[in-house]
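Note sheet for the following structure.
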Amino acid sequence: MKILLKFSPVIVAALLAILPTPEGLTPQAWYFLSIFVGVVVGLIIEPVPAALVGLSGVALVAALGLVDPSPAANRAWALSGFSNGVIWLIFAAFMFALGYQKTGLGKRISLHLIRFLGKSTLGLGYAIAFSDAILAPFMPSNTARSAGTIYPIASNIPPMFDSTPDKDPRRMGAYLSWVGISATCVTSSMFLTALAPNLLAVDLIQKSSGIAISWGDWAAVMIPAMLPLFILTPWLGYVLYPPTLKHSPEAPAWAAEELNKMGRTSTKELMMLGYAVLALIFWIFGKQLHVDSTVAAISVLSLMVLTGVISWQDVISNKGAWNVLTWFATLVAMASGLKKTGILDWVGNIISTNLAGMSPVSVIVMLVILFFVLHYFFASTTAHTTALLPLFMATAAPLLPPELLPKVALMLAGSLGLMGIITPYATGPSPIWYGAGFISQARWWALGAVFGLIYLGSMLVVTAIYV
């Protein structure tokens, strides 16, 4: 069984490839689609590291010459993702996350919030949520942000009040765990740079539809849209899944003690804060300042290394960042191949035929709902984005007026963070918070369904207003 599971991506790709080529596609396009589906299966079950799945897919397509008959053109296509600006923006943002962790700034921010807000259990929930929101614009890995930075701090609090997975989890630990994951899902949709698949989605949209979405374009819509939901989320958890302990006077004292252990704010922490603000300014006002967002990120990263906030050894040894760079670069190339081979137009025409006759607003609402709900079948937001986003944009193109396409693109991409709430495996930090053991699997699925409906409903409200 394990051997069958390991080779399932190859088996799926081979079975599809031997089927007759559908009408409207060339044999080369059908073989490409077969390999692409195999890559998606590989991303879902991960028989080998995800980056290797993508690299193997790109290498096979290029070796078979499925994108272009010219070897040089196939080579250029295979390497195109590594010259992509968005991929390097993601890489640089991972280094910002490293700077937060190495200097201790992320930990200090969280402890200060617990110190000032943690006198009640609801206050602790808001402290966790605000910690995530402050770090979100600079940490595109919500796993590093929520599971790597916030969880280690938050996990120290429930045992202080005799709340453990085996003893009275509802006293405090279950509530804080749910706030931890639900808050990061909202912040992941709030900022373009709060979730790596957001940046991947923006690039896929530009490649498949020619629609450019900047940091400011995203922020202008998603921050006002997500802010009310973000403010409500800890309270919703408190009402729908209430802790039995309402007050936590020991938490601020513990946070103050931890801050004393850390000592005074260091020069490197202040420098990291300054660099983060500088990067944010360039991301927001890049168009007016005539500075590309990726160039700004790489420049700030250089300053971080030159001034010793992080070392060059930190950069070259950050396996997570290099892994994501390789992973996303290959997926960007694979996704661009869907357009080059004519697959997107073919799929879009098939689906749009079944949706023809519906009003533009109905089409957009249907697409947003389907895009969100289909995440139940994915254990990776990246796999979901790669597999479905180009297809959904291809479906929308013939059904909607050109002026509505940028809006539906933003609505689809903007929902990627929110959909992480629905299952214990839906987004990177989910297994960490679920693995803490405070919330049973049945309870997690039930809460995921309830909050999923709330989050999807909020996205539909935003869609109705924005469109």
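The values are calculated or read from the model by the stated rules, or taken from the named source; none is laboratory data. Just so you know, these numbers come straight off a predicted model, no measurement behind them. No Cβ is skipped: glycine too gets one built from the backbone with ideal geometry, and neighbour counts run over all protein chains shown. Side chains included, ligands, DNA and RNA excluded: accessible areas come from the protein's heavy atoms. Shrake-Rupley method; radii C 1.70, N 1.55, O 1.52, S 1.80 Å.
Computed quantities for the displayed model
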| item | result |
| --- | --- |
| Options Thr121, Thr193: the member that is under 17 Å from Gly428 (Cβ atoms) and touching a residue at least 40 places away in the same chain (Cβ under 8 Å) | Thr193 |
| Selected residue [of a type in the set (Phe, Trp, Tyr) and within 22 Å of the chain's Cα centre (by Cα)] from Phe116, Phe130 | Phe130 |
| Residue match in the stretch 361-371 (condition: touching a helix residue (DSSP H, G or I) at 6+ places or on another chain (Cβ under 9 Å), on the phi < 0 side of the Ramachandran plot, of a type outside the set (D, E, K, R) and not in a helix (DSSP H, G or I)) | no |
| Search result, residues across the stretch 442-467 that are surrounded by 19 or more Cβ atoms within 10 Å (Cβ to Cβ) and of a type in the set (Ser, Thr, Tyr) | Tyr455, Ser458, Thr463 |
| Failed item, numbered, when Tyr100 is tested on (1) more than 25 Å from Leu389 (Cβ to Cβ); (2) surrounded by fewer than 23 Cβ atoms within 10 Å (Cβ to Cβ) | (2) |
| Pair list, Cβ < 7 Å and 6+ apart or interchain, from the stretch 68-81 residues that are without any contact (Cβ under 8 Å) to a residue 24 or more places away in the chain and over 15 Å from Gly57 (Cβ atoms) to residues that are charged (D, E, K, R) and open to solvent by less than 30 Å² (accessible area, probe 1.4 Å) | none |
| Selected residue (criterion: modelled with the lowest pLDDT) from residues of the stretch 65-120 that are outside any helix (DSSP H, G or I) and among the polar types (S, T, N, Q) | Asn84 |
| First in the stretch 379-390 and farther than 18 Å from Ile90 by Cβ, second anywhere and among the acidic types (Asp, Glu) and outside any helix (DSSP H, G or I), Cβ under 7 Å, 6 or more apart | none |
| Leading residue by the ranking (nearest to the chain's Cα centre (by Cα)) among those in the stretch 337-357 that are in a helix (DSSP H, G or I) and at pLDDT 80 or above | Gly337 |
| Every pair of residues 6+ apart whose Cβ atoms lie under 8 Å, when the first sits in the stretch 317-330 and is under 19 Å from Ala76 (Cβ atoms) while the second is hydroxyl-bearing (Ser, Thr, Tyr) and assigned to a helix (DSSP H, G or I) | Phe328/Thr382 |
| Out of Leu79, Leu105, Leu135, sole residue that is of a type in the set (A, V, I, L, M, F, W, C), open to solvent by 10 Å² or more (accessible area, probe 1.4 Å) and under 19 Å from Val300 (Cβ atoms) | Leu105 |
| Residue count, the stretch 397-424 (criterion: under 21 Å from Ile343 (Cα atoms) and not in a helix (DSSP H, G or I)) | 4 |
| Residue match in the stretch 139-154 (condition: more than 17 Å from Ala194 (Cα to Cα) and open to solvent by less than 20 Å² (accessible area, probe 1.4 Å)) | yes |
| Residue ID - most open to solvent (accessible area, probe 1.4 Å), chosen from residues in the stretch 165-215 that are in a loop (DSSP other than H, G, I, E, B) and farther than 22 Å from Phe371 by Cβ | Asp166 |
| Helices (runs of 4 or more DSSP H) contained in the stretch 1-64 and holding at least 1 residues open to solvent by less than 60 Å² (accessible area, probe 1.4 Å), modelled with pLDDT of 85 or more and not polar (S, T, N, Q) | 8-18, 27-45, 50-64 |
| Where a residue in the stretch 393-409 is under 11 Å from Pro360 (Cα atoms) and its partner, wherever it lies, is of a type in the set (Val, Ile, Thr) and not in a helix (DSSP H, G or I), with Cβ under 8 Å and at least six apart | Leu404/Val467; Leu405/Ile211; Val408/Val467 |
| Filter pass, Ser352 being farther than 26 Å from Ala196 by Cα and small (Gly, Ala, Ser) | yes |
| Scan of the stretch 428-441 for residues that are closer than 18 Å to His375 by Cβ, open to solvent by 10 Å² or more (accessible area, probe 1.4 Å) and assigned to a loop (DSSP other than H, G, I, E, B), ordered by number | Gly428 |
